[in-house]
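FYI, it's all coordinate maths here, none of it is from the lab. None of these values were measured; they are calculated from a predicted model. Here the Cβ is made from the backbone with ideal geometry for all residues, glycine too, and neighbour counts use every protein chain on show.
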Amino acid sequence: MKNDSTPVPFLDLSREYAEIASEIEPAVLDVLRSQAYVLGPAVERFEREIAAHLGVEHAIGVSSGSDALLLALAALDIGPGDQVVTTPFTFFATVSAITRLGAEPVFADIAPDDYLLDPEQAERVATDRTRAIVPVQLYGQCVDPNAFDAIARKRRIPIVEDAAQAIGARRAGVAAGAFGDLGCFSFYPTKNLAAVGEAGLVTTGDERLAARVRRLRDHGSERRYEHLEVGWNARLDAIQAAALSVKLAHLDAWTAARVKNATRYGELFRAAGLAGTLTLPTVAADATHVFHQYVVRAPRRDGLQAHLAAEGVGCSIHYPQPIHLQPCFESLGYRPGDLPESERAAAEVLALPIFPQLRSAELERVVEAIASFYLG
Ligand SMILES: *Cc1c(COP(=O)(O)O)cnc(C)c1O
């Protein structure tokens with residue numbers, strides 16, 4: 001493999017753009033010419049389309065995935081004195097949404113096979129101050145909705161899904177973003193459905209919560225200059241919505257390409273005799289995984305990462321430091337060893353290129369470069 005040194009990108013957004021430039025450029029130009037830049041018809045159209053696509057009653061376009069989480073928790077009146085149970089093995093914004101509202105994050109560990117919040121551990125750390133549980137549909141796979149639903153009913157604790165990585169994923173017949181009281185999506189440019197800037201979405205089946213999120217995204221206002229409560233400026237802008245409408249029509253094909261790449265990795269790793277060395281992603285029997293990331297557990301992970309970098313193969317670590325050990329959350333009092341599976345995952349996981357436009361020769365080169373590290 002040393003004879004082919006063409007770099008393999010971890011993610012190359014220019015290839016997606018090339019596919020859709022002829023559709024997206026006129027759509028963006030329409031917004032520019034309309035001068036309806038914030039909310040307005042393009043946003044309303046995207047909200048209708050995505051609600052239908054996800055099979056949810058209400059979809060509210062917002063400024064980012066981070067703000068989607070903030071607004072969803074705020075719509076449940078979560079604030080100082082409240083606790084919210086979540087996973088420390090996630091992107092920072094899952095947890096900062098909780099603390100930005102003055103509430104306290106309480107961490108439960110992940111299951112080692114799928115890296116997702118373990119429902120039993122989540123229930124174990126819940127107290128009478130727990131006002132929400134936030135499972136994260138990490139890497140593109142959903143938690144078991146029935147397990148979390150059972151906790152929610154028994155303990156009367158709402159569920160807020162962080163579905164930022166899982167648009168289109170399903171588990172036990174339920175779509176990501178459709179089983180919690182509220183679902184939160186991100187359309188950050190690296191996500192499976194990506195804006196041309198910052199954008200996010202809140203989903204819900206509850207009309208009252210939907211109205212609350214709509215109000216909170218717009219300074220607590222339903223009528224201009226009348227503020228029923230203090231909210232934020234967390235509106236979706238129209239250029240993003242127009243771009244997202246174009247891309248939504250391609251999402252299923254892009255997801256299928258991700259799944260195909262994941263299947264191919266599995267075949268090639270097994271053929272190379274690496275399936276016992278690497279721990280490949282597991283997909284639950286009742287799940288469709290959308291492979292936002294293709295993540296393996298790798299022995300001598302940091303050495304492998306350095307080797308791949310030297311070989312020109314892009315890879316990435318999601319996430320190298322669990323949130324309970326982040327410097328800014330020191331005052332929460334967690335110590336190394338408190339959430340052992342999250343800490344072990346942080347030390348062992350490696351994400352490989354999986355984007356829909358990855359070429360099969362590139363995917364093969366990733367496998368060869370990994371084989372040359374372990375097998376010489
Ligand atoms: C991307 C992401 C977010 C934040 O979304 P932004 O749009 O970047 O604010 C939150 N949670 C998870 C799990 C994410 O992957």
Open item on the list: Would segment 251-374 count as rounded, prolate or oblate if I go by the C-alpha gyration tensor, calling it rounded below 1.5 in a/c and otherwise prolate when a/b exceeds b/c, oblate otherwise?
Closed with: prolate
TODO: For D128 and L29, compute 0.36 nm times the residue count separating them, minus their Cα-Cα distance, and round to one decimal in nm.
DONE: 30.4 nm
Task: Dipole in debye (nearest 20) - the chain, about Cα centre, beta carbon charges: Lys, Arg +1; Asp, Glu -1 - done: 80
Task: For A199, distant residues with modelled amide H under 5 Å away - done: G65, F187, Y188
- [ ] Starting from the amide H of V38, placed 1.01 Å from N in the peptide plane, find each other amide H under 5 Å away whose residue is 5 or more places distant or on another chain.
- [x] A238
Open item on the list: Using the Karplus curve 6.51 cos²θ - 1.76 cosθ + 1.60 with θ = phi - 60°, what ³J(HN,Hα) values do you get for each residue of segment 168-179, in whole Hz, with x for Gly and Pro?
Closed with: x, 6, 9, 8, 6, x, 10, 7, 3, x, 10, 9
- [ ] Only Lys, Arg, Asp and Glu count, each charged at its Cβ (+1, +1, -1, -1), so figure out the dipole size of segment 251-374 about its Cα centre, rounded to 20 debye.
- [x] 220
Open item on the list: Please compute the modelled spin-label separation between T99 and N233, points set 7 Å along Cα→Cβ, answer in nm with one decimal.
Closed with: 2.6
Task: Estimated vicinal HN-Hα couplings, Hz - segment 142-157 in sequence order (Karplus 6.51, -1.76, 1.60; Gly, Pro = x) - done: 8, 5, 5, x, 5, 5, 6, 4, 4, 5, 4, 5, 5, 9, 6, 10
Open item on the list: I'd like the trypsin sites (Lys or Arg not before Pro) in segment 314-376 restricted to DSSP loop residues with at most 14 other Cβ atoms within 10 Å, sorted by number.
Closed with: R359
Open item on the list: If you take every DSSP beta bridge fully contained in the chain, what fraction is antiparallel? Give it as a percent rounded to 5.
Closed with: 65
TODO: Would you be so kind as to identify which of A309, A361, V283 lies farthest towards the positive end of the dipole of segment 265-363, taking Lys and Arg as +1 and Asp and Glu as -1 on Cβ and the Cα centre as origin?
DONE: A361
TODO: Please turn the phi angles of segment 202-213 into ³J(HN,Hα) values with the Karplus equation 6.51 cos²θ - 1.76 cosθ + 1.60 (θ = phi - 60°), one per residue in order, whole Hz, x for glycine and proline.
DONE: 10, 10, 6, x, 9, 4, 5, 5, 4, 5, 5, 5
Open item on the list: Once R0 is set to 35 Å, what does the formula 1/(1 + (r/R0)^6) return for the Cβ-Cβ distance between A253 and E120, expressed as a FRET efficiency to the nearest 0.05?
Closed with: 0.40
Open item on the list: Starting from the 7 Å offset along Cα-to-Cβ, what nm value, one decimal, do you get for the label separation of R359 and T6?
Closed with: 0.3
TODO: Taking H placed 1.01 Å from N in the peptide plane, check which residues at least 5 places from V8 or on another chain put their amide H under 5 Å from its amide H.
DONE: V313, G314
Task: Highest to lowest packing among 186-192, 263-269, scored as the average C-beta count within 10 Å - done: 186-192, 263-269
